[in-house]
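The values are calculated or read from the model by the stated rules, or taken from the named source; none is laboratory data. Small disclaimer: the values here were computed from a predicted structure and weren't measured. No Cβ is skipped: glycine too gets one built from the backbone with ideal geometry, and neighbour counts run over all protein chains shown. Ligands, DNA and RNA are stripped out before the accessible areas are found, and what is left, the full protein with its side chains, is counted by its heavy atoms. Shrake-Rupley method; radii C 1.70, N 1.55, O 1.52, S 1.80 Å.
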Amino acid sequence: MLPNYSGGSLVNLVASIVQARGGEPRHPVLAALPAAELSEAENIVLVIIDGLGDHYLARRGAGGELARRRRASITSVFPSTTASAITTSYTGRTPLEHGLTGWFTYFGAAGCVASPLQFRSRGENLPLQQRGFSPGSAFPAPSVFESLPVRSIVVTSRQIVDSAYNVRHCAGATRLAYETLEEFVSQVEAAVKSGAQRKFIYAYWPHYDVISHRHGSESRQAAAELEKFDRAFGSLIARLSATQSRIVATADHGFIDVAPEESLELPAELAAMLRFPLCGERRVAYCYVHSPAQFMDRARHWLGDRADVRPSRELLREGWFGPGTPHPRIDERVGDVALVMRGRYTVKDWTPGEPRHLHVGNHGGTSEDEMMIPLIVETT
């Protein structure tokens with residue numbers, strides 16, 4: 001399935017919040033949560049639980065604090081991954097507009113493939129600033145906080161609060177850090193109670209995603225993490241009682257678990273045809289190649305029914321990355337050929353010095369488990 005950018009996706013949820021806080025949304029508001037329903041609240045609190053798919057919540061969180069307040073299911077963006085979706089949540093723009101199309105991105109101005117969230121080159125693992133490439137150059141899209149006529153506060157993990165990516169995308173907001181789940185709740189509460197003015201509080205919890213990558217989303221460790229966060233969410237609701245707040249919780253993507261035999265390594269014959277290492281995600285890989293037609297023919301022969309091998313420009317033309325004014329380097333960000341994996345398959349290559357580890361939990365693709373995220377709403 002593809003995102004419903006016309007009124008049923010993460011970008012539309014951000015549009016509802018932006019309009020409710022007096023800003024100008026770039027896209028239609030979310031049909032399931034119109035701006036008028038949010039605008040009277042003194043505080044709008046957006047809680048993003050990284051990796052919490054709607055189907056998973058229904059299976060493993062039934063009857064809990066989150067599930068009881070679930071209103072609807074909405075879609076992520078394409079690709080259904082943190083680099084693309086969190087950037088959408090920070091900017092109100094689709095991936096077509098903000099230009100971050102996966103965990104690994106080719107930045108032509110920096111002359112390398114890099115992780116935008118870590119702001120480091122792939123392989124060498126060096127800060128992109130050492131190449132004379134600044135976060136402002138990499139991330140030209142302004143944050144939603146910069147344009148809102150209300151106070152904005154971002155609550156996020158201490159590990160990433162001062163990262164190049166976060167500092168750029170939280171421009172216009174006060175940043176508060178936490179280390180533990182209890183501190184997360186306390187910092188959100190402190191942000192809500194920090195003054196009588198109308199506010200927008202953006203709170204991000206990454207740890208369910210981390211655990212699901214390592215152990216699998218169906219693991220007991222992931223279930224325990226959901227149970228722990230679910231209790232904390234109930235506590236947060238209680239502590240925000242009578243604050244005239246509207247709490248909206250969602251995710252950036254869901255997960256699928258991938259068996260070792262479904263984790264494919266790009267064969268040497270195809271790797272030799274690449275101009276750069278694979279970009280994007282293990283579930284949708286962008287290939288920069290010398291001869292697209294020849295590469296697609298050989299990739300289709302190798303992959304068979306395990307993937308769709310498409311010219312990347314077709315995905316752009318068909319609207320997979322969303323509507324809007326294209327990022328000036330969007331063609332560069334998606335390569336020549338896209339490997340869109342089917343079923344639960346993933347594909348990976350390796351660069352010298354790169355640690356060879358496989359994720360159990362994966363995302364980025366178009367399955368419902370990856371694409372569908374919950375819309376959870378509460379008023380205090």
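In the stretch 55-86, how many are in contact (Cβ under 8 Å) with a residue 24 or more places away in the chain, among the charged types (D, E, K, R) and out of contact with any Asp or Glu (no Cβ under 7 Å at 6 or more places or on another chain)?
Residues meeting the conditions: 3.
How many residues, within the stretch 147-158, are assigned to a strand (DSSP E or B), of a type outside the set (S, T, Y) and under 19 Å from I49 (Cα atoms)?
Taking the stretch 147-158 as the starting set, the residues that turn out to be assigned to a strand (DSSP E or B) are 151-157.
Among the residues that remain, those that are also of a type outside the set (S, T, Y) are: 151, 153-155.
Then keep just the ones that are under 19 Å from I49 (Cα atoms); that gives 153-155.
Number satisfying all stated conditions: 3.
So if I check each of S134, S84, S76, which one is over 26 Å from T380 (Cβ atoms), open to solvent by 10 Å² or more (accessible area, probe 1.4 Å) and not acidic (D, E)?
It is S134.
Looking only at residues that are among the small types (G, A, S), over 22 Å from the mean Cα position of the chain (by Cα) and open to solvent by less than 30 Å² (accessible area, probe 1.4 Å) in the stretch 13-67, which one is nearest to L226 (Cα to Cα)?
Only one residue fits best here, namely G64.
Looking only at the stretch 187-208, count every residue that is within 19 Å of V248 (Cβ to Cβ) and within 23 Å of the chain's Cα centre (by Cα) and tell me the total.
Residues meeting the conditions: 10.
Output the number of residues of the stretch 229-257 satisfying the condition of being open to solvent by 10 Å² or more (accessible area, probe 1.4 Å) and either assigned to a strand (DSSP E or B) or out of contact with any Gly (no Cβ under 6 Å at 6 or more places or on another chain) (or both).
Residues meeting the conditions: 13.
Kindly list, by first and then second residue, each pair from a residue in the stretch 287-300 that is in contact (Cβ under 8 Å) with a residue 40 or more places away in the chain to a residue that is open to solvent by 80 Å² or more (accessible area, probe 1.4 Å), limited to pairs with Cβ atoms under 9 Å and residues at least 6 apart or on different chains.
Every condition considered, the pairs that remain are C287/R275; Y288/R275; V289/R275.
Return the total of residues in the stretch 332-380 being on the phi < 0 side of the Ramachandran plot, touching a residue at least 24 places away in the same chain (Cβ under 8 Å) and more than 21 Å from the chain's Cα centre (by Cα).
Result for the stretch 332-380: 10.
Scanning for something more than 20 Å from the chain's Cα centre (by Cα) and at pLDDT below 95, does the stretch 71-89 turn up at least one residue?
no
Would you confirm whether any residue within the stretch 358-374 is farther than 30 Å from R60 by Cα and in a helix (DSSP H, G or I)?
no
Identify all residues within the stretch 334-357 that are assigned to a loop (DSSP other than H, G, I, E, B) and either out of contact with any strand residue (DSSP E or B) (no Cβ under 8 Å at 6 or more places or on another chain) or within 30 Å of D230 (Cβ to Cβ) (or both); write none if there are none.
Matches in the stretch 334-357: G343, R344, T351, P352, G353, E354, P355, R356, H357.
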